[in-house]
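These notes concern the structure reproduced below.
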Amino acid sequence: MSFKDCGDYGGYWPWRHKVFRRLFACFLCLIILVLFVILVIWLVLRPSKPEFNLQDATVVKFDLSDPNSRLSSIVQITISSHNPNDRIGIYYDHLDVYADYKGQQITAATVLPTGYQGHNDFSVWSPYLYGNAVPLAHYLAVAVDQDESAGFMLIYFKIDGRLRWKVGTWISGTYHIDVNCPAFFTVNSTKEFQFQKTTSCSVDV
């Protein structure tokens, strides 16, 4: 009785290994291609930073009468944001705005409404900022008195937040945004503040 030679079964495993390697190589090439396309689109579109403008600022209260150099203030500002990109949208995930005097934060942060800003779209916010008995360094308290006596004061309104870019259906990771808006005020003898003019804000992303 003779036995049939059924062949070498050991050759099956190298063949299967080659198939897996080729499938993995194809999958890797596909991922690289997709990432390359995204990179090319990103470089071609090259998003421009959003533009911010301080349109108005009304000082409702600015009181440093506390003998312990504590400042209480209420300010309403109107600030606008413009997305200058033709093909890129912006998701504002978080935005905090506050007032700053000579490097010291003098109001609590107010959270601005967030959301999506389309191509060449505008957003306008008019938040109130509140500072309740904020302790000032002695030299800052002196500077406030000097500025009020001189009739001029410079206060910065700053925004600290996070945003994402949207290109088609693709959405980027999170980026940090810093906005700095100078506000020039005149101060009369009764300590009433008058906002001078709309100012452009510096923006870092």
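Calculate for the chain the 222 nm mean residue ellipticity that helices alone would give, adding -39,500 (n - 2.57) per DSSP H run of length 4 or more and normalising by residue count, nearest 500 deg cm²/dmol. Write out the running numbers ahead of the final one.
Working: 2 runs with 47 residues, N = 205.
Calculated from helices alone, the mean residue ellipticity at 222 nm is -8000 deg cm²/dmol.
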Exercise. Figure the gain on full extension for Lys191 and His138 (residue separation times 0.36 nm, minus the Cα-Cα span) and round it to one decimal in nm.
Key: 17.1 nm
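Packing-wise, with mean Cβ within 10 Å as the measure, how do 129-139, 27-37, 159-169, 88-98 rank, highest first?
Per-residue Cβ counts within 10 Å, averaged per peptide and sorted highest first, yield 88-98, 159-169, 129-139, 27-37.
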Exercise. Sketch the reach of a paramagnetic label on Thr174 as a point 7 Å from Cα along Cα-to-Cβ, and name the residues of the stretch 80-106 whose backbone nitrogen lies under 13 Å away.
Key: 92-96
Practice problem: May I have the extent of the alpha carbons of the stretch 77-136 along their three principal axes, as whole Å values ordered from largest to smallest? | Solution: 46, 20, 18
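Placing +1 at every Lys and Arg Cβ and -1 at every Asp and Glu Cβ, with all other atoms neutral, what dipole size does the stretch 60-205 have around its Cα centre, in debye to the nearest 20?
Numbers: 10 positive and 14 negative charges, 58 e Å.
Dipole magnitude for the stretch 60-205 comes out near 280 debye.
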Practice problem: Using Cα pairs closer than 8 Å and at least 6 residues apart in sequence, work out the relative contact order for the chain, in percent. | Solution: 21 percent
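Using every Cα-Cα pair within the chain, state what percent have a distance larger than 25 Å.
Details: 11470 of 20910 pairs.
Percentage above 25 Å: 55.
How large is the charge dipole for the stretch 120-205, taken about the Cα centre, if only the Cβ atoms of Lys, Arg (+1) and Asp, Glu (-1) carry charge, to the nearest 20 debye? Mind showing how you got there, number by number?
Details: 6 positive and 8 negative charges, 73 e Å.
I would put it at about 360 debye.
Write down the accessible area per residue of the chain in Å², having rolled a 1.4 Å probe over the full set of protein chains.
Numbers: 12750 Å² over 205 residues.
In whole numbers, the chain has 62 Å² accessible per residue.
Whenever you get a sec, compute what percent of the accessible area on the chain sits on carbon and sulfur atoms (1.4 Å probe). Walk me through the numbers on the way to the answer.
Values: 7330 of 12750 Å².
With neighbouring chains kept in place, the figure for the chain is 57 percent.
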Quiz item: For the stretch 78-85, what does the Karplus curve 6.51 cos²θ - 1.76 cosθ + 1.60, with θ = phi - 60°, yield as ³J(HN,Hα) per residue in whole Hz, taken in order and with x for Gly and Pro?
Solution: 10, 10, 10, 10, 10, 8, x, 7
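The values are calculated or read from the model by the stated rules, or taken from the named source; none is laboratory data. What you are looking at is a predicted structure, and each value in this text was computed from that prediction instead of being measured. For neighbour counting, all protein chains shown are included, and Cβ atoms are generated from backbone atoms with ideal geometry for every residue, glycine included. Please note that ligands, DNA and RNA were not included when accessible areas were found on the heavy atoms of the full protein model with its side chains. Shrake-Rupley method; radii C 1.70, N 1.55, O 1.52, S 1.80 Å.
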